[in-house]
Each structure stands twice: as structure tokens, then as C-alpha cells.
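S.K.: The structure under discussion is supplied below as C-alpha cells; questions concerning it will follow.
The values are calculated or read from the model by the stated rules, or taken from the named source; none is laboratory data. As the structure is a computational prediction, the values presented were derived from the model and not from experiment. Note that we place each Cβ from the backbone using ideal geometry, even for glycine, and neighbour counts take in every protein chain shown. Note: areas computed on protein heavy atoms with side chains; ligands, DNA, RNA excluded. Shrake-Rupley method; radii C 1.70, N 1.55, O 1.52, S 1.80 Å.
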Amino acid sequence: MAFDHNRRPRAVVIGAGVNGLAAAATLAARGVDVTVVERGRGPGGMMTGAGQGELGHFVWNLHPAALAELGLGAADLGLGAEVATVLLAADGRHVVIEGEAISFADGTPHPDAAAYRALRARLARFAAVLAPLATAAPPRLGSGMLNRAGLSDLAQLARTGLGLRRLPRDARREFLRVLLSNAADLVRDELPDGPLAASLVFDAILGGRAAPGAPGTVLALLWRHAGGGRRRPAGGMAALARRIAGAAEARGVTIRYDATAAGIEVEGDRVRGLRLGSGEVIAAEMVLSSLGAMPTLRLAGPAHFDAEACRRIRGLRCEGTTARLDLRLAEMPRIEGLDGRLAGARLLLAPSVAAIEAACRPVKYGAIPASPVAEVLIEPGDGGAEGPAHLSALVQHVPYAPECGWTEAAREALAAAVIGALGTHMPGLPGLVTESRLATPRDIETMTGAPGGHWHHAELAADQMLTLRPVNGMARYASSLPGLWFCGAGAHPGGDITGLPGRNAALAAAADLGQGVTR
Amino acid sequence: MSRSDHFDAIVAGGGHNGLTAACYMARAGMRVLVVEKNDWLGGAAVSRELHAGWTYSNCSYVCSLLRPEVVRDLDLPQHGLQVIPYTGGATFTRDGDYFAYHSDHRALEREIARLSPRDVEGYERFSIAVMRQCRFIRPLLLRTPPDPVAPRPRDVAELVYLLRRFHDLGPRETGEAMRFWTASVGDYLDGFIENPLIKAHLAGSGIIGTGLGVYSPGTAYVLLHHYMGDVDGAVGAWGFARGGMGAVSGALARAFRAAGGEVVTCSGVERILVENGRVTGVALANGDTYRAPVVASGMDVKRTFLGHVEAQHLPDDFLKAVRRFKIRGSSGKINIALDAMPRFPAAPEDASFLSGDLHVSESLAELERAYDDWSVGRWSAEPYVDMLIPSRIDPTMAPPGKHMMTVFVQYAPYDPERDGRRDPAHWDEAARTAFADAVLDRIERVSPGFRDLVLHAEVRTPVDLEREVGLTEGNIFQGELTFDQLLFNRPVPGYADYRTPVKGLYLVGSSAHPGGGVMAAPGANAAREILRDARRLDRTERAFRAA
């Protein structure tokens, strides 16, 4: 298509989450006039519940390539030091992980520390092999490889292959063995079951539905370990989201809040713009959607997709299983032997791999877990509206649509299960709670628009990854409707706060604009 | 030592894969001895008269995966193998209905339309998709997996062959193949079919013999493993070996003896003898010793290396990998002598599908619950059962008017849990009875009066399978069929070409590629590698003499 060279090409990005903002900044940096429309009051999407607070706790793999497009350095993010992790043990012998140091709460060294470090190091090496795959569209497969465009894919595969070649031979074999295996077996082959083993398995399952024994969970674990350690942004996720939004605006991106996308305008089988809830139409050559695949398809209308594509998108597994519980506390709770180290630490309520496995089962039948596993963060309040202390828990394996529905009783049962489980380690906790707020996966969907309220917009399983993400045939960010692109966590490489899907999608879209783009 | 103690090759274990490898070697002119611990041959492919007048296929029970190439190569029909195809099966429901599967396409279409008209088109798509994957994978069964990590020239050739096959598939189908290999059977079926009963019927093949549930990733591939069947050239067909599964082993044994092979039974291999990193023979439990430069072990990889080879001959890494190999018992069996044909009130009189596989699990959730029971160390309260009555089409299985039924049960743990502890010893008489009751009650529900017809029932737990057949933990595939244990990873990365760290010692059982089922592929593939090495040795020797 011909471009009017006097006018800058225009793009609309739906959603001001980290991916939408990264996509917008990437395009803006290439001379595209970009407007971001966000239906919430503030930026952040899944980081902040679309400006209503926060959902995640930590940043652990925000990618430098995405930050570079935003014009940000790691130092601009206000990220603190890597947080310590405290593993709450059933027998009261809690384990503290601070960087490379692993010990019991009373300071005695942990007998499995060396095995744990060796396994972590192995995972990090393997993650480094996969890293080049995350920063570009997934490679074309089959005969698609053998044309000119396919050559860059081959180069990307070659880089991955080269990374693999750099490993010693035994490590290469091990890499190919574990790639599609399950986290529970991988970890238990090296470590006895207990909090330390469970902490690694938890990394593999956080945000997803898969049980630790499900093949493919190692792949999820490796993506997670590709980043650095976990850090807490100063001022929480909302502050981080504001910093990222500010950086995008500095690139010349216009962000419009309280603006709902109501429909994608299509003319002659090509995107012409975005219609807002107000009826206003923003004309644009392209629309990049950081919504899930299904909501995006609905905005454009299924008529623009063939039956096979609709079926595949409909078949995406995207029911969220992670809930967030926020508690306001009358004072900082105490744990024997850990006082003074609780504030700001990452507490894991996952005493063993077996306990995680048990916690995964009820969700399959739409039941509320009786002994949930969770990541917990306790922060002292500012004394003001937040109260003296604040506890938040990311609770795993909570059904999106419980059999009984999300009644008041069901919500209370879940909160009570979490408070009860934490209470065994923090005596008196139930008495400290002054206010409790629960966001179920369904609430998260309502807040953010993420399909199913899913942490990754769609389950990060081997059959929904790489060339199959979001669905086979649309994995290179371009939907089958010219001008409509997927730029959210539902696209490759997936969820967590990485910024990569947005950045990769924008690069693909910019390349598609071709010579119309001025740098 | 006399000449009669010396062989060109010894096969440890007279299962169907061991016999297959033995046949190929004997036909190539090697002097081969098969050693079997039981007083019958066949491993898990056996027919036994455990109740007078009845023949039990008391381990494996249907014939489908047996490679037609092997049947042809070894002239098995000439040695007495006859496979009678059956044409359908059914899943019964609690409320008196059923879903019948017919191999006749039109009949199946009518049946799907009866239950769920919208699924006719979905099933059509499903069967096309699965057949496509079948066609892609079937040729790989009889090929040695290449080593992608340290490729030798022939591995490179094999890798190129694989890449070309992917290239021919095209990008869309390559994506579909990747999805198929990594999806769960439940999720995969959800993409095609709506009706829960039809889904449950189809999903069963994805979990048979594996320690995974219908929603565990990787089970869609196991489904394929059961769809690659082939009877008389009819792809996807299943059948009964006339005279029970022992007929397969029997034909192999006759072919072996006809080629001059020798057999020793009633005493198993106690120790595989190794000197200076080379195998030299085997010592039997009865004290006899046989010598050979080649030993082919039909036992699984754990049993072979942890039980019968001294650790000093094996690299530490290899041993560690063998210990790590996952081989989980997850199924049991009940073999039943019936006084008469059981009644299934839901089924039309004399329905043809009663001659096929019958089930009672109505939904994927029910199947998943059966798995959940197993994963905490209990046998399923509502198990998945695969019932067959071969005597309906093979009168040699039971006296006239009587019937023989084989009931495969998924799931049963190897080491049931009791008081927080898991132990194989927990399979005591009370546990076995309770396990059998759970199964029989379930059958009784769809076949009232069934229990009264039972004249004799043989209950087989994973522990029985381990003790009698030698399968570690009673795993029918000699190792889980998960991706980390398939292709070049099976059984141990770097040793997928049937060779082992001990020169002259080969694995020919289903621990090796392409895995379990009465397929004869591991045996045939391993024999090809053994003969290749033997020819190379011959050449070296000739060259040496010439010099």
C-alpha cells in the first residue's frame, strides 16, 4: 500500500500495560504517530489492576531490550535490591534464601544448599540458551524457513543452536531431556522434598494452571529464570507503571485513559482505525492489541477471521488460577526467628512439592483449595490510609468459575484458608486483620480485561508457546487481518512483566510498514 | 568350557521384543540363545490356562501395534499367527445409554449424530488430524533415533531425513504436530468435540499404561501410540491374536527355532558378565554360564543395569540417568472366566460392538479423578476399565457357551499408601480384594448380574506384573512415554541407538525407542544395530587377516 510521505503513519495501541506501552514506545521511536487507549484510570494493566492498586509483587524479568525502546535504563526504574525469600516450613524450620546464601532461620546452614545452587546454576545456563528466542518473533517452521524472510529465522535458530553448542556435551543432552519434562521430577531428582524443592517448583507454576508434575512445566521455569533476581519497585507496581508510561510519553506517545476500545474499523479487509466507546474513531493504519486473542477477535468481528482461526482462538486455555488477597493489619505480624526479616521479603507458603501437587487438584473440579499455596509480601504501612501493616498474597490454583459460584461464602472460605494457613506460622494473625479484600481471577478479568483473569493472558504451556502462541498460524504477531497485531502477553514469549511481546510485535509491525517509516 | 556354552549372541528375556531380536539375528546366521526365567516364553505377551478350559491373555490383551514389517520379515502368519480384527467398542453410561464406536465410518457418523449432531463435523476433523500425525510418526517407529548432540555421519543423515519430513509437512502442519506432541488428550479433544461421553471414550487411549491424567500435557501423543495400530494393512484397526496374545510370542518362538535358535527357560539371567568394558556372557540363577560377545537384554533399562550389571562397569553419569528414568506402575488387570455372556441391557441384542473394547467412564472429569486417586497412592475408586471378551470371536479362548473377559484397569499404584507411607507390600490379600471389588462393582453397574457369572478371576496388580513378568514397578511400557523419555532421550540421552556403555551389550526391550506395546519395533531396530556392528567387526577382522 502506498503511503502519504507528508504524513506520519499512525498506529493505535489498545491497553496501557507494560506490553502496550513498550509497543507504543517502540513504534514512536521509529517515527510512527502512536495513540494508546486505556480503559482504566491509570497505566499498568495486570501490574496494577489497570490503575486500581497492584496485582503482582515483584519484577524479575523486565527485559533490557524492551527498556531500551522506552529509553529507560535499569537504574531509572527505582528497583530495589534483590529481595530475600523466606520459605515457610511445616515443621517451623523456615529457610531463608538471600542471593547465594541459604540457611535456616536460626542461621544454621541448610544441608541441601549446594545441591540447590547447582540446580539453579544449571537452570540459569539452560535459560541462557533459550534467551535469544524471546527477543524476536518465533521462527517459522517447515517450508516457511526456505525463503528470504526465513533466513533471519534461521539466524535466530542458529544463535540458539550456538548457545546450545557452547554447553558441554553432557549439559546439552540434559538440556534436550529436561526441556519438555516436568518441574516436580526435575527438582526432586536433585533435592529431597521440602520447602527448598517447593520454592523452585513454585516458580514453575506461579500464574498457571499446570500441576508440578505436568510435562512442560520446566519450560515455564526456564523462561522465569532467564531474568535476574526478584526486585520490588520503590512505591510498588503503580509507581513502576507510571515511570514506564512517562517514558513512553517522552517518546511522543499519546496515552488516553478512560477510553474504551469498542470496535476495530475495517475497510476492504484492512484495518482503518479504532472506534471508541464514545463513538469517536481514531483513524490509523494499524491497531496493536495487548488484549487477549479472544477479546481482540471480538473487537474486529469474527467475520474477518477464517473458521479455523476462530476455532483455535476459542480453544485457547486462558482461565486464570491466581487470586490476590490483600489484608490490612493492625500491626506487623511476627514469626519466631524471623522478626526483622519479614518486612519486604518474599514469603513462600508452599511447604513441599507434594503440598503444591495437593493444592492443584481442587481447581480441576471447580473447588476452592483448602490448603492453598501462595507468595506473600508483608510491608509496614505508612501509618496513613494503609494502616500499620499490609499483607498481600498471590494465591495459586483458585478456580475462575467455582462450582458454587463466587458467592460471599466462597470468597470468605478462600480468605479463611489463606489466613488459616499463614496463621499456623504467625500466631495471632487472624486477630490482626482489620480489612480484607480478595481479587478472584474473575475479578481480575473485570478489572483488567485479561481473558479469564489469567496471569499470562493464556496458559503458558508447551502447546501454547513459541510458534503456537497465541495460536498456530498467528505466532508472528500479525493476525490474519492485515493491520491488526497481537502485542500482549498472549503473544510470544508470554506473560510476566517483560515488555517483550509488545516490543517484538511493534518491531514486526514497523517492518511491515516498510519504507513508510522514517527513523 | 564346551562349545555348546558358546553363542554368537544371548538374548536375556524371552518377551516378544527379545524374541524378535533373536529371530532377526538367527536369520542372519548368528548362533543365538534366548534365556527366560519363567517356564514359558512371551514376557507380557502370553496365553495361559489359569482356570481349566479357559485361556487368559493375562497381561497384554490386544494386537494392534505389531509392526506389519516385522510380521512380514519373520513370516509370522506361516508360524501360526492369526489376527482377527474387531470392529468397534462402546462406553456405557450410568443412565442406561452408551456411545458405540464403529470402525465403519458411516455407522460411526450415525452414532455420533445420535448423541451429538454438532460433533459429526468435529470428529471428522479430529480423525483427519490424528491420521495425519499417524502418517508422520509411523515411519519413525522402525528407525533408530539420531543423536542430535554428538552426531556421527549417519545421525546427520537421519537428522536431515527428519528435517525433510518436517519441511514436507509445511509450516501449518508442523505447528499442528508440535501442538499434538505437547498437548494433553483432554485439551486436544476439547478442540474438536463437545459431547463429554464421546470425549471420554476417545480419551481412554491417551492414558492407558501411563502415570498421567487426561489433562496432563503429552497424553495426546500417547493417544497416537494407540492409534498407530494396523491389522492386515487396515490402519488404526485392532484385533485379537487367535489363541490369545501368547500366539504372537508362539509364532516368534517357532520362527526363532526354525532359524536354528536355542532356548533355555526356567532360569533367568542373574548376572551379565563384563570384562574390560566388554560383555562376555551371562550367568544364570541356576549357576549355568553361557558365553557370547553379544548380549541383548529384553529387560527394562533399570532392571538390566541396576539389577544385573555390576556398577563398576558403568559410568556414574549413566547410572544416575538410569536411576532417574521414570517407570511408574499405573495399571492393573483382572482376567475373568465367565459362566455365560454378560448382559449389557443398554446395548441392542447381539450388538457387534460387544466384541470390542467396552468402557464405563463417562467424562474427562471422571477420568481425571481416577488419576488423582492414583497420584496420592490409591487405586481409582471409579477406575477406567478397558474390557474385552475375545471369546466372542475366538472360540479357542473358553469352553463352548462360556466366555473369557480381560479387564485392564487404570489406575492402580505400585506402592499403595497406608498411614502416610507408600509400600508395594501394602498389596496384601485385603487390598487386592478391595481393588477387585472396585472394578467388579463398576462393571456390575452397566451389566447387572455380572458378578454372579464370575467363575474365576485372576487379579493382577503392578506388583504381580513386576514379580512375574519382570517389568519394573509393573509399568507396561518399560518406562513412561513422556517427551523426556522418547526418541533420542529413550531410555538415556546418548544411548538411544540400543547400544550401552558396555560394548556388546544392547537394550532390545521397550525401554528403548519407540517404546511399549506389543509392537516388536525395539527388538527389530536393536537387531538391525547389532547386525550392523557385527558386520563392521567382520570387516575389521577380514582386513586384519588380509594384512
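S.K.: Residues with beta-carbon under 11 Å from that of A:R117, excluding A:R117: net charge, scoring Lys, Arg +1 and Asp, Glu -1?
M.R.: Combined, the nearby Lys, Arg, Asp and Glu give -1.
S.K.: Considering the zone a paramagnetic label at A:A250 would reach in this model (a point 7 Å from Cα along the Cα-to-Cβ line), which residues of segment A:78-119 have amide N under 19 Å from it?
M.R.: Of the residues in segment A:78-119, A:78-80 have backbone N under 19 Å from the label point off A:A250.
S.K.: Okay, next question. Quick one: which residues, 5+ away or cross-chain, put their amide H under 5 Å from the amide H of B:Y506? H built at 1.01 Å from N.
M.R.: Result for B:Y506 returns B:V295, B:A296, B:S297.
S.K.: Restricting things to Cα coordinates, could you compute the convex hull volume per residue of chain A in Å³?
M.R.: Values: hull volume 76.8 nm³, N = 519.
Measuring per residue, one finds 148 Å³ for the Cα hull of chain A.
S.K.: May I ask for the distance between the Cα centers of segment A:36-115 and segment B:132-193, given as a whole number of Å?
M.R.: 38
S.K.: Here is a further query. Where does each of B:H403, A:H304, A:H454 land when they are ordered by accessible area, with a 1.4 Å probe and the largest first? Don't jump to the answer; show the numbers that get you there.
M.R.: Working: B:H403 25, A:H304 65, A:H454 0 Å².
The ranking, largest first, comes out as A:H304, B:H403, A:H454.
S.K.: If you don't mind, another one. For a quick check of your reading of the filter: which chymotrypsin sites (Phe, Trp or Tyr not before Pro) in segment B:235-333 sit in a DSSP loop and have no more than 10 other Cβ atoms within 10 Å?
M.R.: none
S.K.: For chain B, build the charge dipole from Cβ charges (+1 Lys, Arg; -1 Asp, Glu) around the Cα centre, then report which of B:N335, B:Y498, B:A28 sits farthest towards its positive end.
M.R.: With unit charges placed on the Cβ atoms, the residue in question is B:A28.
S.K.: B:H426: accessible area at probe 1.4 Å, nearest 10 Å²?
M.R.: Surface open to solvent at B:H426 totals about 20 Å².
S.K.: Return the long-range amide H neighbours of A:I255 (sequence gap of 5 or more, or a different chain), with a cut-off of under 5 Å between placed amide H atoms.
M.R.: For A:I255, the qualifying residues are A:V36.
S.K.: Leaving ligands, DNA and RNA out of it, rank A:D512, B:D437 by accessible area with a 1.4 Å probe, largest first. Display every interim value, and only then the final one.
M.R.: Numbers: A:D512 90, B:D437 55 Å².
Per-residue accessible area, sorted high to low, gives A:D512, B:D437.
S.K.: Give me log10 I(q)/I(0) at q = 0.14 Å⁻¹ for segment A:397-443, Debye formula, one equal scatterer per alpha-carbon, no solvent.
M.R.: Debye output, listed in q order: -0.38.
S.K.: Something else: Apply the Karplus parameterisation 6.51 cos²θ - 1.76 cosθ + 1.60, with θ equal to phi minus 60°, to every residue of segment A:91-108 and state each ³J(HN,Hα) to the nearest whole Hz, in sequence, with x for glycine and proline.
M.R.: Ordered by residue, 3J(HN,Hα) equals 8, x, 8, 5, 10, 10, 10, 10, x, 8, 8, 10, 8, 6, 4, 7, x, 6 Hz.
S.K.: Follow-up. Need one value: the accessible area of B:T182 in square angstrom, 1.4 angstrom probe, rounded to the nearest 10.
M.R.: For B:T182, solvent-accessible area is about 20 Å².
S.K.: Applying the Karplus parametrisation 6.51 cos²θ - 1.76 cosθ + 1.60 with θ = phi - 60° to the phi angles of segment A:76-89, what ³J(HN,Hα) value in whole Hz is obtained for each residue in order, glycine and proline being reported as x?
M.R.: Result, ordered by residue: 6, 8, x, 7, x, 6, 4, 7, 7, 10, 10, 9, 7, 9 Hz.
S.K.: Can you tell me what share of the DSSP beta bridges in chain B is antiparallel? A percent to the nearest 5 is fine. Display every interim value, and only then the final one.
M.R.: Details: 46 of 65 bridges.
In chain B, DSSP labels about 70 percent of beta bridges as antiparallel.
S.K.: In degrees, nearest 10, range 0 to 90: what is the angle between the Cα axis of helix B:119-141 and the longest Cα principal axis of chain B?
M.R.: 10
S.K.: Let me ask you something else. Points 7 angstrom from Cα along the Cβ direction at A:E336 and B:D104: gap in nanometres?
M.R.: A separation of 7.4 nm, rounded to one decimal place.
S.K.: Now a separate question. Return the FRET efficiency for the residue pair A:R437, A:R93: r is the Cβ-Cβ distance, R0 is 51 Å, and the value is rounded to the nearest 0.05.
M.R.: Step by step, r from the Cβ atoms, then E = 0.95.
S.K.: Once both axes come from the Cα atoms, what is the angle between helix B:429-446 and the longest principal axis of chain B, in degrees from 0 to 90, rounded to 10?
M.R.: 50
S.K.: Here is a further query. Within segment A:267-306, what residues put their amide N at less than 20 Å from the label point 7 Å along the Cα-to-Cβ vector of B:E121?
M.R.: It comes to A:298, A:301-306, nothing else.
S.K.: Residues with beta-carbon under 9 Å from that of B:H403, excluding B:H403: net charge, scoring Lys, Arg +1 and Asp, Glu -1?
M.R.: That sum, taken over residues with Cβ under 9 Å, equals +1.
S.K.: Spelling out what I want: for every residue of segment A:35-50, take phi, set θ = phi - 60°, compute 6.51 cos²θ - 1.76 cosθ + 1.60 (Karplus), and round to whole Hz; glycine and proline get x.
M.R.: The phi angles translate into 10, 9, 10, 10, 7, x, 7, x, x, x, x, 5, 5, 10, x, 6 Hz.
S.K.: Of A:L186, A:F202, A:F175, which is farthest along the charge dipole of segment A:165-264 in the positive direction, counting Lys and Arg as +1 and Asp and Glu as -1 at C-beta?
M.R.: Towards the positive end, the residue furthest out is A:F175.
S.K.: Next question, about the same structure. In terms of modelled amide H atoms, which long-range or inter-chain residues lie less than 5 Å from the amide H of B:Y98?
M.R.: It is B:T93, by chain and number.
S.K.: Right, another one. Output the pairs from B:K37/B:K199; B:K37/B:K333; B:K302/B:K402 with a Cα-Cα distance over 32 Å in this structure; if there are none, say none.
M.R.: On the way: B:K37/B:K199 42 Å; B:K37/B:K333 22 Å; B:K302/B:K402 41 Å.
Result: B:K37/B:K199; B:K302/B:K402 exceed 32 Å.
S.K.: Principal axes first, then extents: for the Cα atoms of the protein assembly as shown, list largest minus smallest coordinate on each axis, whole Å, largest first.
M.R.: In descending order, the Cα extents are 90, 74, 67 Å.
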